[in-house]
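In what follows, a single structure is set out as structure tokens and then discussed.
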Amino acid sequence: MTAPVLVWLRQDLRLADQAAFLAAAAEGPVVPVYVLDDETPRHRRMGGASRWWLHHSLKSLDEGLRQRGSRLILRRGPAHRELAELAREVGARRVHALAHVEPWWRNAERAVAKTLDLVLHEGQYLAPPGTVLTGSGLPYKIYTPFWRALSERMPTHRPVPAPGRIDAPASWPDGDRLDDWTLVPTRPDWAAGFRTRWTPGEVGAHERLDMFIGKASRYGEWRNFPSVEGTSRLSPHLHFGEISAATVWHSVADAGGSVSTFLGEVGWRDYAANVLLQMPDYAGRSAREAFERFPWREDADDLRAWQTGMTGYPIVDAGMRELWATGWMHNRVRMIAASFLVKHLLIDWREGERWFWDTLVDADHAINAVNWQWTAGTGVDSNMFVRIMAPLTQSPKFDAAGYIRRWVPELSDVADADIHDPRIRPRGYPAPLIDHPHARARALAAHAGFKAQE
Ligand code: FAD
């Protein structure tokens, strides 16, 4: 019998349009493996919300594999060690995997390639990261020209269907039991709101896409209004690779209508990967070096108030509570809440990046860092520290009354006109941590002082 090959799965937990599976299935028997690697150094351990998602996504992938005569083997430890050991047990030499941009995955790939024949395939993005280059062959720093160049290469490849059958090896190696990994919380079980909102896994991802397609042409009109479900909510599915960016692209483009704004957002994923490839420590350091000397405030009480949705700014609090309850927050509100932390509270953007990393089901190393640095004005692509977003103006502008009422029950009886900044605060709802004009003046003064020393 032909020797089996391994398929090493990471943030690509799908069978359709999965080049590693296709290549492996064409070679002979396949041993699909997921390695929970908490030991290879990474910028931070996988967050709690991501672990919840991962548990359900792995379960769903195993079901999909079993329908095709295969199964998912689970191992825990440094990826290179576990893969070498598994390959020895089953007599495999070759490993197929999709390429990833996170620095720790790239290190792991190098380590695996030392002992095994690692074949990396593309498929996480619209175009392979590192291939969208300027006329002089350099990577782009700014989104708009990057997107223009990427658009010229679109459409991306047509997605390939999942293999109908995947050959099993003569005997299956041992693996861990998913439940033994305790990825889901029990005491306390904080994931009740996650279960009602999400269906992790490939089937759930396609259902989510199908729900969105009918609305995609109105995305440009609705996407900034948090009270409306106007965006796709595909982000965790895309992060875990349960659906490919190519599948999303073609399904939405084929549906017709004005979908270019939406496709441009999907392009932001590619852009973030392109930034991380150039600056692997993007989540750790301000790209505008001078901001490493910015006088950030260290205020544990203010940080806690922000994290728990108790700032006294209803739109910020609604967002932070939606995040805690469901593992997701509307993009417009992410921008407002992030800006509030950095500019109103003058707290280092990395504290926000860290909190989002732990609480978002779509927590993505590249995307999170790029968006935090963009909002803070510390990134390669923005110099906006002095543009201070006004939450009390943003909230009525984007008609957030319904959203606030849903997530801040203390304000449920307040009239729409007052809910953005209630004059009388119901019992239990705090006064603003700082008023907007004062916060604005403080942020501008801190920035001016810091500029003077540059
Ligand atoms: P849609 O609006 O339907 O967009 C479709 C897809 O495009 C998304 O699923 C996502 O994959 C991609 N996308 C959309 N906006 C962006 C963007 N600004 N940057 C990169 N890709 C984008 N998104 C994450 O996936 N993971 C993160 O860790 C993350 N952290 C963020 C932190 C901050 C401070 C901010 C302001 C934004 C962050 N975002 C992050 C981007 C954005 O908020 C989410 O991708 C979006 O809200 C997800 O909802 P959706 O799937 O309905 O998006």
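The values are calculated or read from the model by the stated rules, or taken from the named source; none is laboratory data. Predicted model only: the values in this text are computed from it and were never measured. Cβ: placed from backbone, ideal geometry, glycine included. Neighbour counts: every protein chain shown.
When only residues in region 339-354 that are farther than 24 Å from residue 421 by Cβ and more than 9 Å from the ligand (Cβ to nearest atom) count, which is surrounded by the fewest Cβ atoms within 10 Å (Cβ to Cβ)? Across region 339-354, the extreme among qualifying residues is 354. At pLDDT below 95 and more than 9 Å from the ligand (Cβ to nearest atom): is that true of residue 293 in this structure? So residue 293 passes the test. Contact annotation: residue pairs with Cβ atoms under 9 Å, 6 or more positions apart or on different chains, pairing a residue in region 422-434 that is touching a residue at least 12 places away in the same chain (Cβ under 8 Å) with a partner that is surrounded by 10 or more Cβ atoms within 10 Å (Cβ to Cβ) and of a type in the set (Val, Ile, Thr), are 422/414; 426/414; 429/408; 430/311; 432/311; 433/311; 434/311.
Matching residues to (1) within 12 Å of the ligand (Cβ to nearest atom); (2) closer than 28 Å to residue 100 by Cα:
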{"position": "223", "(1), (2)": "yes, no"}
{"position": "232", "(1), (2)": "yes, yes"}
{"position": "241", "(1), (2)": "yes, yes"}
{"position": "246", "(1), (2)": "no, yes"}
{"position": "256", "(1), (2)": "no, no"}
{"position": "268", "(1), (2)": "yes, yes"}
{"position": "289", "(1), (2)": "no, yes"}
{"position": "301", "(1), (2)": "no, no"}
{"position": "308", "(1), (2)": "no, no"}
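In the set 131, 115, 144, 156, only one residue is over 24 Å from the mean Cα position of the chain (by Cα), of a type in the set (Ser, Thr, Tyr) and over 19 Å from residue 13 (Cα atoms); that residue is 115. Among the helices (runs of 4 or more DSSP H) confined to region 357-454, the ones with at least 2 residues that are more than 30 Å from the chain's Cα centre (by Cα) and of a type in the set (A, V, I, L, M) are located at 416-419, 436-453. Restricting 357, 374 to residues that are within 11 Å of the ligand (Cβ to nearest atom), in contact (Cβ under 8 Å) with a residue 60 or more places away in the chain and of a type outside the set (Val, Ile, Thr) narrows the list to 357. For residue 39, the criteria (1) surrounded by fewer than 17 Cβ atoms within 10 Å (Cβ to Cβ); (2) of a type outside the set (Phe, Trp, Tyr); (3) in a helix (DSSP H, G or I) hold in every case but one, which is (3). Where helices (runs of 4 or more DSSP H) fall wholly inside region 240-338, the ranges with 3 or more residues that are surrounded by fewer than 18 Cβ atoms within 10 Å (Cβ to Cβ) are 245-255, 260-278, 300-307.
Entry remark, region 96-126: residues being surrounded by fewer than 16 Cβ atoms within 10 Å (Cβ to Cβ) and of a type in the set (Gly, Ala, Ser) number 1 in total.
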